[in-house]
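Chemist: One structure is given below, represented as structure tokens, and several questions about it will come after.
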Amino acid sequence: MNLSRFAINKPVTTAMTFMAIAFLGIIAFGRLPIDLLPDISFPTLNISTEYSGAGPQEVEREVTIPIENAMSTVPGVT
């Protein structure tokens, strides 16, 4: 008796076998160790500037742009 004839003649057995395989697959996926799914984080550089009593244009012109120019010389920073 070949596999297709068995599946047609016994549909309940075939369905239960498929459901058992799917259930075991779900359990196996839940038990995967964390090492197989590593945390991916991209390196970032975040600089916050403050200048008390100044407007946004002054802070940008006097503080932020000079810091950006100085940091742009660091290799690997965009």
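Chemist: Rounded to the nearest percent, how much of the accessible area of the chain (1.4 Å probe, protein heavy atoms only) is carbon and sulfur?
Modeler: 64 percent
Chemist: Which option, (1) 1.02; (2) 1.60; (3) 1.26, is the value of Rg/Rh (Cα atoms, Kirkwood Rh) that was calculated from these coordinates?
Modeler: Correct label is (2).
Chemist: May I ask for the angle, rounded to the nearest 10°, between helix 11-30 and the longest principal axis of the chain, with both axes built from Cα atoms and the value confined to 0 to 90°?
Modeler: 30 degrees
Chemist: OK, next. Return one whole number: the accessible area per residue of the chain in Å², for a 1.4 Å probe.
Modeler: Ligands and nucleic acids excluded, the figure is 95 Å² per residue.
The values are calculated or read from the model by the stated rules, or taken from the named source; none is laboratory data. Remember, it's a predicted structure, so these values are computed and weren't measured experimentally. The accessibility values were calculated without ligands, DNA or RNA, using every heavy atom of the protein model including side chains. Shrake-Rupley method; radii C 1.70, N 1.55, O 1.52, S 1.80 Å.
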